[in-house]
Amino acid sequence: MARVPAEVEIVDYCEQWPLVFVAEAQLLRRAFEPEAVRIEHIGSTSVPGMAAKPIIDILLGAASLESIEVRIVALGACGY
C-alpha cells in the first residue's frame with residue numbers, strides 16, 4: 001500500500017527561532033553537564049529570512065554514543 005505523505009507547513013521566517021534554539025541549547029547543555037557537547041542550529045530555521053517548517057532542527061555532537069545513551073532519562077525530562 002502506498003503511503004500518503006503528510007502535509008508540510010511552510011511559514012515565513014520568525015525572528016524568535018534563534019531565541020528558541022538558544023533556550024533549547026541551554027537545556028541540552030544542562031542535561032549533559034559536566035560533559036561539554038557541541039550544539040548547532042541547523043536546517044531552514046537557522047537561515048535568517050528563509051521561509052521554513054516551524055521546527056527547530058538541532059545537531060548535537062558528543063564524545064561518544066555512550067555519553068548520549070547514559071543521558072536518555074535527562075533528555076526525556078527535557079522533552080526529547
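Each value in this text was obtained by applying a stated rule to the coordinates, not by laboratory testing. Nothing here was measured: the structure is a model prediction, and the numbers come from that model. Using ideal geometry, Cβ is built from the backbone for each residue, glycine included, and neighbour counts are taken over all protein chains shown.
Assorted remarks:
- Checking segment 42-49 against the condition returns a match, with at least one residue being aliphatic (A, V, I, L, M) and assigned to a strand (DSSP E or B).
- Answer residue from segment 18-31, given it is out of contact with any strand residue (DSSP E or B) (no Cβ under 8 Å at 6 or more places or on another chain) and surrounded by 14 or more Cβ atoms within 10 Å (Cβ to Cβ) and is farthest from Val73 (Cα to Cα) among those: Val20
- Residue match in segment 40-59 (condition: touching a residue at least 24 places away in the same chain (Cβ under 8 Å), surrounded by fewer than 11 Cβ atoms within 10 Å (Cβ to Cβ) and not basic (Lys, Arg)): yes
- Whichever residue in segment 1-41 is outside any loop (DSSP other than H, G, I, E, B) and charged (D, E, K, R) and, among such residues, is farthest from Leu60 (Cα to Cα): Arg30
- Positions within segment 60-77 being surrounded by fewer than 14 Cβ atoms within 10 Å (Cβ to Cβ) and not polar (S, T, N, Q), in sequence order: Gly61, Ala63, Leu65, Glu66, Glu69, Val70, Ile72, Val73, Gly76, Ala77
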